[in-house]
Amino acid sequence: MADAATAERTTTLPRTPPQILGPFYPFMHTPTDSGDLTGGGKAKGTILYLSGRILAADGQPVAGAKVEIWQANAAGRYAHPNDDNVGAPIDEKFNGFAVTTTDGQGRYAFKTVRPAAYPAAPGRWRPAHIHFSVTAKYEQLVTQMYFKGGEYNETDSWLNSASRKDLLITDPKPADGKEPGAQAVTFDIVLTRG
Ligand SMILES: [Fe+2]
């Protein structure tokens, strides 16, 4: 008969659903490894302190995982040669591509801005999201993080294709002790083995 300790060891967290890589994975562009995509807070938009943990399905932290993020800026524009959303300006102060490595508790952290939604095709908009690629010892997961209440969340085919879209939707709150107006959000990612 399983005791409490056994039950704890066999905890199975739901795996974070994968999402498409998308067309704007950075090209000829080096990710910043400083953790700060905002140029010291100079980028336009709402500052977002984005952090979380990479976990295995058994709840153990995944240390040493590579976490990459890339995203549109606060106007909905990627600094990518194929982004034809030219009505939205590029923000020279914003570096929309970053990489870090998780610490011993599986933690990662970035300082970024909230991205805007953008037109993906005539008449079809993508809700605001941040792309993630997590590379650990045994597996790689590519996914996207969305925002609660985001315009177009209900109609986006990629978000709605997720087996558990609730696992991809985050809810930023005011960031205590940071710049006025800054927000903070936690996004934990669960792999199978790590
Ligand atoms: Fe995207």
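The values are calculated or read from the model by the stated rules, or taken from the named source; none is laboratory data. Since we're looking at a predicted model, the values are computed, not measured. Ligands, DNA and RNA are stripped out before the accessible areas are found, and what is left, the full protein with its side chains, is counted by its heavy atoms. Shrake-Rupley method; radii C 1.70, N 1.55, O 1.52, S 1.80 Å.
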Legend entry - Sum of -39500 (n - 2.57) over DSSP H runs of 4+, divided by residues of the chain (222 nm, nearest 500): -1000 deg cm²/dmol
Inset, instruction - Quick one: what are the phi-derived ³J(HN,Hα) couplings along region 111-118, Karplus 6.51/-1.76/1.60 with θ = phi - 60°, whole Hz, x for glycine and proline? - result: 10, 9, 10, 6, x, 9, 5, 8
Legend entry - Lysine pairs meeting the criterion (Cα under 22 Å, 8 or more apart or interchain), as found in the chain: 20
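Leaving out ligands and nucleic acids, note down the accessible area per residue over the chain with a 1.4 angstrom probe, in whole Å². Before the final figure, lay out each step's value.
Numbers: 10030 Å² over 194 residues.
For the chain, the per-residue accessible area is 52 Å².
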Inset, instruction - Determine the equivalent ellipsoid of the chain by diagonalising the alpha-carbon gyration tensor, then write out the semi-axes as square roots of 5 times the eigenvalues, largest first, rounded to whole Å. - result: 29, 19, 16
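How fast does region 95-134 diffuse by Stokes-Einstein, in µm²/s, taking the Kirkwood radius from C-alpha pairs at 4 °C and 1.567 mPa s?
103
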